[in-house]
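What follows is calculated from the coordinates using simple rules that are stated; it is not laboratory data. The structure presented is a predicted model; accordingly, all values stated were derived computationally and were not measured. Quick reminder, even Gly has a Cβ in these numbers, built from the backbone with ideal geometry, and neighbours come from all protein chains shown.
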Amino acid sequence: DDGSYILPGSFIPAAERYGVIVDVDKYVVQNVFNQVCQNRIPPDTMLSIHVSGNSICDKSFMQFILDQAADMKINTSNFCFEITETAAIANFTEALKFIETLHEVGFLFSLDDFGSGVSSFGYLKQLPIDYLKIDGFFVKDMVHDPIDAAMVSAINEIGHRMGIQTIAEFVESEQILQQLRKLGVNYAQGYHIDKPTLLADIFAVELA
């Protein structure tokens, strides 16, 4: 009411609990597609959209994405949908169908927070994903904790062996970034790289 922002960690659990998260995800997808249609972006630009496990299980959501993509004639290869590992495992059949169907029309996929589940590597073999996001829980202390560093290294190695590119979350310092470079991790995400930014502002920079 006072115009301040409510962070996702607060409003997303509430949206999931009260059954409106699918509507939120639909709004986000439509809004991003619209902005891309209104702004010419470089062909190699990729925008990631995180989707809820609830939305994966909702058949109307997958059809909504297909319809919006067709109506707006977007380049599907510019978009990567992120699904958390725990959501993918909890809804494995639905997640597999969701990924395979949208993959067929060119959308990309990343598995978020990888390493947090007990069956991580077993399920990874069965999901046709393009990017693997290494759980920030291991990344944030990897400079000082050899076990965390070993976990990051193992996840990165497995991903590469499977032909999947890797993304490290929670990159908060130059030391972490340098260690990730030594391991050969493909991409980094975190406050050391950049702070959260409005999509409209990103377009303004890209087009300047």
Fill in: Magnitude of the charge dipole, the chain, Cβ model with Lys/Arg +1 and Asp/Glu -1, debye to 20
460
Worksheet, complete the sentence: Karplus ³J(HN,Hα) for the stretch 46-53 (6.51 cos²θ - 1.76 cosθ + 1.60, θ = phi - 60°; Hz, whole; x = Gly/Pro) runs 10, 10, 9, 10, 7, 10, 6, x
Worksheet item: Between R40 and R161, what is the label-to-label distance in nm when each label sits 7 Å out along the Cα-to-Cβ direction?
Response: 4.6
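Using unit Cβ charges (K, R positive; D, E negative) and no other charged atoms, how large, in debye to the nearest 20, is the dipole of the stretch 1-123 about its Cα centre?
Details: 6 positive and 16 negative charges, 50 e Å.
The calculation lands at about 240 debye.
Taking 8 Å as the Cα distance limit and 6 or more residues as the minimum spacing, I'd like the relative contact order of the chain as a percentage. Intermediate values should be presented prior to the final figure.
Numbers: 264 pairs, mean separation 29.8, N = 208.
Dividing the mean separation by the residue count of the chain yields 14 percent.
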Item to complete: Could you pull out every residue, at least 5 positions away or on a different chain, whose amide H is within less than 5 Å of the one on A168? Hs are placed 1.01 Å off N in the peptide plane, and Pro or chain starts have none.
Response: I134, Y187, A188, Q189
Worksheet entry | Rounded to whole Hz, the Karplus (6.51, -1.76, 1.60) HN-Hα couplings of the stretch 170-187, x for glycine and proline | 6, 7, 10, 8, 5, 4, 5, 4, 5, 5, 5, 4, 4, 7, x, 5, 6, 9
Worksheet entry | Dipole axis of the stretch 37-132 (+1 Lys, Arg; -1 Asp, Glu on Cβ), positive-most option in L96, P43, Y123 | P43
Discussion item. If you take every DSSP beta bridge fully contained in the chain, what fraction is antiparallel? Give it as a percent rounded to 5.
Written reply: 0
Worksheet item: Whole-Hz Karplus ³J(HN,Hα) for the stretch 13-18, in order, using 6.51 cos²θ - 1.76 cosθ + 1.60 and θ = phi - 60°, x for Gly and Pro?
Response: x, 5, 5, 5, 5, 9
Worksheet item: What residues have an amide H closer than 5 Å to that of H50, excluding those fewer than 5 places away on the same chain, when H is modeled at 1.01 Å from N in the peptide plane?
Response: E82
Item to complete: With 23 Å as the limit, write out which pairs from K133/K195; K73/K125; K97/K125 have Cα-Cα distances beyond it, or answer none.
Response: K73/K125
